[in-house]
Amino acid sequence: MPKKPHFSIQPIFTTTQPTNSKCRTPPFTTLLQNPKASSTSLNSTFLNHLKNQRLDSARAVFNKIPSPHVSLCTRMLLAYAHNHNLPQAINLFNQIPSNTKDIISWNSIIRASILCGDFITAVKLFDEMPHRNSISWTTMIHGFLSLGRVVDAETFFRAMPSADKDVATWNVMVNGYCNNGRVNDALRLFSQMPCRDVISWTSIIAGLDRNGKSSQALVFLKDMVSCSGVDISSTTLVCGLSAAAKISDFNAGIQIHCRTFKFGYCCGFDQFVSASLVTFYASCKRMDDAFKVFCEIVCKNVVVWTALLTGYGLNEKHDDALEVFGDMMRFCVVPNESSFTSALNSCVGLEDLEKGRVIHAVAVKMGLENGVYVGNSLVVMYSKCGYTGDALCVFNGIGEKNVVSWNSVIVGCAQHGCGLWTLALFKQMLMEGVESDEITLTGLLSACSRSGMLQKARCIFGYFGRKRSMKLTVEHYACMVDVLGRCGEVEEAEALAMSMPVEANSMVWLVLLSACRMHSNLGVAERAAKRIFEMEPNCSAAYVLLSNLYASLRRWSEVARIRRKMKHNGVVKQPGSSWITLKGLRHDFLCADRSHPLTEKIYEKLEWLGVKLKEQGYVPDQQFALHDVEIEQTEEMLSYHSERLAIVFGLLSTVEGSTITIMKNLRVCGDCHNAIKLMAKIVDREIVVRDSSRFHHFKNGICSCGDYW
DNA sequence: TTAGGGTTAG
């Protein structure tokens, strides 16, 4: 008898374990073929791969499963669909024997087709399937609505057997109407529903809120709580908080906050509720409360951090916002696109290019620079900080540009007076088939205004006026009045202001008055000012413009009359101020300011520049002093305008040859404009001035605005 | 043992 192998018998029949584990042989059962055990093990490996989104590994294991159950096929084909691979999903579905295909697998392949955007296949499968249930119909209806095909959804909803219509079907219709802006249809359907659950109520509350009816959303929430008999969920609370935040309804929000305690959703554990509470308090300008909620959150995710960061930004506490951004990085919370958007907005709020560049570098490191959200924010940041070149560079790198990307770069170029670039960008936008909107038109018209392109403005205004999808607003008419007025067509501008289909507001008359000041048209100016004072009796800008116009015509008695009226009405002229931000610190200057620690050096340098300016042929233009005082006095006033102090401080504090960027709250005066052109030449620097109207880039004795602003 | 419905920051 041959000797049996040593492992074959003994271990199987031994019930006690050997004492020496080194001598232990594996249980024989593990070495035998056991179809059931093997299949179970493969199934669980397959499901693990799917759970971890390892599609290829999942398929490899799936292929080893002998006669996989239809449920596994269904899971596999849905995984393909979520990976946008419809051909593989359909191929797999076709391999399932017909007699084993159940309604779930049919519904799943329909869902897969919809997920992959193939509606023709979805409808074909829907027609072919042997039996349909409520889920089959609801899946189709939901798919149509998610693509905006409301009519198709309505057709299916009508054709669906009444017995199959369950609450989910009605909910899909209500939500779909809301998502497609058909809020009245949603309300009608909601009122017709045979029964409503928590999702029905949440859908209508969220839908009303999304469609600008936040007050009504809060009324529905109140009804739900008081008389629906349906318990609210954390999602309902989140939607209610969103509505309260949008309209800053503090009382409603507080009541919802109380409910979060009652239903146990708060205690800092539900991150959706927590983030919504932070946003709500921030919207009500209660940042202390927002911060208190934030501190109570047990596990803070990136959304919660971003809600706080955005809240500080909304409340113009930009330093705090950027501190939050830094903190979240220190706590190893990885910022996402929204975090970057808010942080960059705060850099714009602080006009702090240096911090913006640091955040840009972090975005590049994380590979987010070319994403549409971060890219758009970077375009705005660079444009508003005066760096159009960088803005264009970022814009070109954005992978999938949307209308906001185009608007950002168009408005940015317009602010810098780059009229031709703006029009070229618009042409490119049209060629790429991107639908322009109200903001595009405002950007284009302001570009034409700043570049004196009247004919282009007329064409653009006409083109947008003919667009069915867009309604011209009072802002657009204000822009057109501005272009006409600045280009010297003051009477036509007045005629447009009087005949426009929407009632002209004070802004329209103010831009007309500004044009009158520019072109010394006293008759139109007095009529425009009369309109403004009827609407806004204390409009300081109108008083100043009218007073300056009288002064430029040397009608000093009228100037005195305006000043008396201003004094009588308690109207205070906004003082001109300029500032420069260096190493994160903002330095402010007023006219003839002597409060800065470096005052002595600033005035010394200003005197030196004054001599150099005269050598270059500079003669102060006294019409910009606009006061009936002696010539020496006016010269002195002009020399110490705030922008000159800020520029000189910049020259003293930065490396030779580097660009200086300063900001001014009012428009730069004509005399300073002349002086700064020469200053840039004398010191051989580029000087960028952002005034209340636009950006001016001064270099080699000329300005980018071509003396037209 | 697989399929459908509502939510947060920008």
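With the checklist (1) open to solvent by 90 Å² or more (accessible area, probe 1.4 Å); (2) modelled with pLDDT under 90; (3) more than 14 Å from DNA strand B (Cβ to nearest atom); (4) of a type outside the set (Asp, Glu) in hand, flag the one item residue A:52 doesn't pass.
Failed condition: (1).
Just to check your reading of the model, which residue among A:292, A:300 is assigned to a helix (DSSP H, G or I) and either more than 19 Å from the chain's Cα centre (by Cα) or touching a residue at least 12 places away in the same chain (Cβ under 8 Å) (or both)?
None of the other options fit; the residue is A:292.
It is to be established whether one or more residues within the range A:433-446 are within 18 Å of the chain's Cα centre (by Cα) and under 26 Å from residue A:703 (Cβ atoms).
Yes - at least one qualifying residue is present in the range A:433-446.
Take residue A:197 and decide whether it is among the charged types (D, E, K, R) and within 11 Å of DNA strand B (Cβ to nearest atom).
yes
Any idea how many residues of the range A:646-691 are farther than 23 Å from residue A:450 by Cα and of a type in the set (Asp, Glu)?
Total meeting the criteria: 2.
Have a look at A:192, A:216 and point out the one that is among the polar types (S, T, N, Q), open to solvent by less than 80 Å² (accessible area, probe 1.4 Å) and either in contact with a helix residue (DSSP H, G or I) (Cβ under 6 Å, 6 or more places away or on another chain) or more than 28 Å from residue A:290 (Cβ to Cβ) (or both).
A:216
Condition test on residue A:360, is it surrounded by fewer than 24 Cβ atoms within 10 Å (Cβ to Cβ), farther than 19 Å from residue A:585 by Cβ and more than 12 Å from DNA strand B (Cβ to nearest atom)?
Yes.
Quick one: which residue in A:211, A:180, A:175 is touching a residue at least 24 places away in the same chain (Cβ under 8 Å), open to solvent by less than 60 Å² (accessible area, probe 1.4 Å), of a type outside the set (Val, Ile, Thr) and touching a His at 6+ places or on another chain (Cβ under 9 Å)?
Criteria check complete, one pass: A:175.
Residue by residue through the range A:555-566, note down the ones that are closer than 15 Å to residue A:520 by Cα and out of contact with any Asp or Glu (no Cβ under 8 Å at 6 or more places or on another chain).
A:555, A:558
Consider the range A:555-609. How many of its residues are open to solvent by 30 Å² or more (accessible area, probe 1.4 Å), touching a residue at least 60 places away in the same chain (Cβ under 8 Å) and more than 26 Å from residue A:346 (Cα to Cα)?
Counting residues in the range A:555-609 that are open to solvent by 30 Å² or more (accessible area, probe 1.4 Å), touching a residue at least 60 places away in the same chain (Cβ under 8 Å) and more than 26 Å from residue A:346 (Cα to Cα) gives 1.
Just one of the numbered conditions (1) open to solvent by 70 Å² or more (accessible area, probe 1.4 Å); (2) touching a residue at least 12 places away in the same chain (Cβ under 8 Å); (3) not in a loop (DSSP other than H, G, I, E, B) is not true of residue A:538; which one?
Status for residue A:538: all satisfied but (3).
In the range A:245-258, how many residues are within 13 Å of DNA strand B (Cβ to nearest atom) and over 20 Å from the mean Cα position of the chain (by Cα)?
2
Looking at (1) away from DNA strand B (no atom under 11 Å from the Cβ); (2) touching a residue at least 12 places away in the same chain (Cβ under 8 Å); (3) under 24 Å from residue A:270 (Cα atoms), can you tell me which one residue A:319 breaks?
(3)
Could you list, in sequence order, the residues of the range A:607-661 that are aromatic (Phe, Trp, Tyr) and modelled with pLDDT under 90?
Of everything in the range A:607-661, those that are aromatic (Phe, Trp, Tyr) and modelled with pLDDT under 90 turn out to be A:618, A:624, A:640.
Return the residue satisfying two criteria in turn: it lies in the range A:70-105 and is open to solvent by 40 Å² or more (accessible area, probe 1.4 Å) and under 19 Å from residue A:45 (Cα atoms), and of such residues it is nearest to DNA strand B (Cβ to nearest atom).
For the range A:70-105, the residue satisfying everything is A:71.
Assess whether residue A:408 counts as being over 28 Å from residue A:516 (Cβ atoms), open to solvent by 10 Å² or more (accessible area, probe 1.4 Å) and either in the same structural domain as residue A:501 (by TED's automatic domain parsing) or part of a loop (DSSP other than H, G, I, E, B) (or both).
Considered against the rule, which asks whether it is over 28 Å from residue A:516 (Cβ atoms), open to solvent by 10 Å² or more (accessible area, probe 1.4 Å) and either in the same structural domain as residue A:501 (by TED's automatic domain parsing) or part of a loop (DSSP other than H, G, I, E, B) (or both), residue A:408 comes out as no.
The values are calculated or read from the model by the stated rules, or taken from the named source; none is laboratory data. It should be emphasised that the depicted structure is a prediction, and the values quoted were computed from it without experimental measurement. FYI the Cβ positions are ideal-geometry reconstructions off the backbone, even for glycines, and counts take in every protein chain you see. Areas reflect the complete protein model, heavy atoms only, side chains present, ligands, DNA and RNA absent. Shrake-Rupley method; radii C 1.70, N 1.55, O 1.52, S 1.80 Å.
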